[in-house]
Amino acid sequence: MVVGGSNLPREELLEMYRRMVLIRRIEEQLARDCAAGKLPGPVHLYIGEEAVAVGVCRHLSERDWITSTHRGHGHFLAKGGDPARMMAEIYGRADGICGGFGGSMHVADFSRGIIGANGIVGGGIALATGAALAAQLDGDGRVAVAFFGDGAANQGVLMEALNVASLWKLPLILVCENNGFSEFSPTATVTSGSIAERARPFGVPFREIDGNDVIAVWQAADVAVRRAREGRGPSLIEARTYRTRGHVEYEVTFITEPYRDEAEVEAWRARDPIDRFARRLREEDPGVADELAAIDAAVEETMRAAVRFAESSPEPDPASARGQMFATAP
Amino acid sequence: MARKRMIQAMNEALIEEMERDPSIVLFGEDVKASLFGDTKGLWKRFGPDRVRDTPICEALISGMAVGAAAAGRRVICHMMFGNFVYTGMDAIANQAAKLRYMTNGQIKLPITYLAVSGGGRSAAAQHSDAIHPVLANLGGVKVVMPGSPADAKGLLKSAIRDDDPVFFLQAAGRGGEPGEVPEGEYLIPLGRAAIRRPGRDLSLVAIGAMVRPALKAAEALSGEGIEVEVVDPRTVVPLDLETILASVRRTGRLVVVDEARDTCSVASHLAALAAERAFDALLAPIRRVTVPDCCIPYAPVLERAILPSVETIERAVRETLAWRRPT
């Protein structure tokens, strides 16, 4: 099926659609849960940015590594994380993927190569670089992807990672999700120059792409992942996207002055990555509509099952609060 | 047994462990040139894949250690000076110390961070901090402080084999200290204190670099008939409280020597624990010999004036023994 100049198998296109919709439905539910006061902690939603995680992670197997951000549900799900166990984690329940010890900002599943969401802006970049070093030493073609935001692009560790990854030709893909905001500050007010071009002096190939176009993301990631697997070194992708939700779901309770123009939000909503992709799929093949509807229905059920699982899971045992600090207990 | 310097004992431990476990990767700033001598010869022996010089970028390398360990490697990361740990602190405090707990034990992080810690060499304030209290307070990293060359070998080998992040802090100025070091396989478990010198009158707990002046003070006092028991915790996380408190219960008096700033020093922590758990056995107030809450100065005479010494330790011991309940 030819979509946007790509020539991807129909199943692959539908799987990309399914994963994006899954992230969307789960997070819409989290937004409702948060508004209803059901979530114990802060959640940062990825709504509007789903194409980036999905377009990149479709190139990865469970053996590849990713690090994520505080806005990490999308990466977790795109990499194959279990929605029910993620939901239980965010609900703070014992069956959560991290037993209720991590929460929204720390969803991780090492068995699927998900080193995890990270509450420190830029915190995943060095971790992914280290995982890339391990992958290089293993020599089995694995790669590591660091997802980070435009805010993290202003952390010095990005420059340090570009330098080392380029020197050592590490199989690292740096994926900057430029969603227009560094918490509550518009990116332009805190970021000089181009983020993508920060790779140039390090000799690292870079591309700036439309992050709301899952095919464009898929294509850029294809090149970068291939390069990394072949031992030719790191790449940087800057995916231009937009955070249609706030920085954090609770922000209406403490942000009193609007920090962005509602018209801008609307303009980006019109470029919604899922709507756009569905439209293109239908244009290409009107017969696909039934399949998309079936995917929508199945995802809706997956989401409901995840909620049921989370709600029926017990709270963690307070006696276990000291958790697992050490592998070898003192 | 052979007589070796502490830094040679460390070098031996690194070579033996890297021979033993091919998954180990070692990286850091100038590990090939080896500023202190601990990583000398490793690059030649194990090659540029497993032994890597990094740029000067602690924020990255401390985090790479976490990522590489999460991805299945056993990692030795050389931070050079203790003060440089501060520039790598996010990955240490927020990642290494927390990733296992936050993910409910999904992973092991077998990392040994090496650093030289403490003063005494006119390296001035930004190269002389004793960083163990900061690290111990993180909760999620182990902190090893060898007081002799043999311990340096045995503890470093255990640190490398440990499945958690461990800071191995070599005391500044003690690298050249000689001592008998066992050949080959020699492991000292983390979390086991050593009684360096038995004594009935007072328990003198000395941490890391402080072991040597504490032993000297004990020797001098012994000439006057004062028998001080010198206890070396060897690791401050995990802490062998049992051995320390048993000593306090035997002697009834406690002086703790710690080359850390007084506020929140490990000495303060030990004093609190002893007061809580062995109050009934105490015959005198607990004394701490620490560094005042100021920076470490440059000029030798200034530095000597603030670091614990044989003299200040002796004085604290004498004063504790002379203490009488006010009537």
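Laboratory data are not the source of any read-out in this text; all were calculated from the coordinates shown. Everything numeric in this text was worked out from a predicted model, so none of it was measured. Here the Cβ positions follow ideal geometry from the backbone for every residue, glycine too, while neighbour counts run over all protein chains shown.
Size descriptors for the stretch B:194-322: radius of gyration and Dmax over Cα atoms are 13.7, 44 Å.
Within 10 Å of the Cβ of each residue in A:163-170, the mean number of Cβ atoms contributed by other protein chains is 3. Of all lysines in the structure, those lying under 27 Å Cα to Cα from B:Lys98, and not within fewer than 8 positions of it along the same chain, are A:Lys38, A:Lys79, B:Lys108, B:Lys142, B:Lys157. Peptide A:61-69 is shielded by partner chain Cβ atoms: per residue, an average of 1 of them sit within 10 Å of its Cβ. The string of couplings for the stretch B:75-85 from the Karplus curve (6.51, -1.76, 1.60, θ = phi - 60°) is 10, 10, 10, 8, 9, 6, 9, x, 5, 6, 4 Hz, one whole number per residue in order, with x for Gly and Pro. Distance between the C-alpha centres of the stretch B:85-145 and the stretch B:53-78: 13 Å, rounded to the whole angstrom. Placing unit charges on the Cβ atoms only, positive for Lys and Arg and negative for Asp and Glu, gives the protein assembly as shown a dipole magnitude near 1900 debye about its Cα centre. From the square roots a ≥ b ≥ c of the eigenvalues of the alpha-carbon gyration tensor of chain B, which class results: rounded (a/c under 1.5), prolate (a/b over b/c), or oblate? It is prolate, given that a/c is not under 1.5 and a/b is the larger ratio.
Summary of packing: across the peptides B:134-144, B:238-248, B:302-312, the per-residue average of other C-beta atoms within 10 Å ranks them, highest first, as B:134-144, B:238-248, B:302-312.
If you take all other residues with their beta carbon under 14 Å from the beta carbon of A:Ala36, and give Lys and Arg +1 and Asp and Glu -1, the sum is -2.
Between the listed residues B:Leu169, B:Ala193, B:Leu204, the Cα displaced farthest toward the positive end of the dipole of the stretch B:160-262, a dipole computed from Cβ unit charges relative to the Cα centre, is found at B:Leu204. Cα centroids of the stretch A:193-218 and the stretch B:236-308: 55 Å apart.
Once you sort the root eigenvalues of the Cα gyration tensor of the stretch A:177-328 as a ≥ b ≥ c, which label holds: rounded (a/c under 1.5), prolate (a/b larger than b/c) or oblate (the other case)? Rounded. Rg/Rh for the protein assembly as shown (Cα atoms only, Rh after Kirkwood) is 1.05. Pairs of Cα atoms nearer than 8 Å and 6+ residues apart set the relative contact order; for chain B it is 16 percent. Evaluated on the stretch B:2-181, the Kirkwood hydrodynamic radius is 16.0 Å, with distances taken between all distinct Cα atoms. The H on the amide N of B:Tyr113, modeled in the peptide plane, is under 5 Å from the matching H of B:Cys77, B:Val166, B:Phe167, B:Phe168, each at least 5 residues off or on a different chain.
Of the trypsin sites (Lys or Arg not before Pro) found in the stretch A:5-87, those in coil by DSSP whose Cβ has at most 16 other Cβ atoms within 10 Å are A:Lys38, A:Arg63. Using the Cβ-Cβ distance between B:Glu224 and B:Ser122 with R0 = 41 Å, the FRET efficiency computed as 1/(1 + (r/R0)^6) comes to roughly 0.80.
Look at where the Cα atoms of the stretch A:16-32 and of the stretch B:168-220 average out, and the two centres are 59 Å apart. Site pair A:Arg226 and A:Val190 shows an inter-label distance of 3.6 nm when each label is modelled 7 Å from Cα along Cα→Cβ. Sorted ascending by nearby beta carbons within 10 Å, beginning with the fewest, A:Thr328, A:Thr189 become A:Thr189, A:Thr328. Is chain A best put as rounded, prolate or oblate by its Cα gyration tensor, with a ≥ b ≥ c the root eigenvalues, rounded for a/c under 1.5, and otherwise prolate when a/b is larger than b/c, oblate when not? Rounded is the answer for chain A, as its axis ratio a/c remains below 1.5. With the charge dipole of the stretch B:194-322 set up from +1 on Lys and Arg Cβ and -1 on Asp and Glu Cβ about the Cα centre, the Cα lying farthest toward the positive end among the listed residues B:Ile306, B:Cys295, B:Gly252 is that of B:Gly252.
Dipole size of the stretch B:194-322 about its Cα centre, with +1 on Lys/Arg Cβ and -1 on Asp/Glu Cβ: approximately 120 debye, rounded to the nearest 20.
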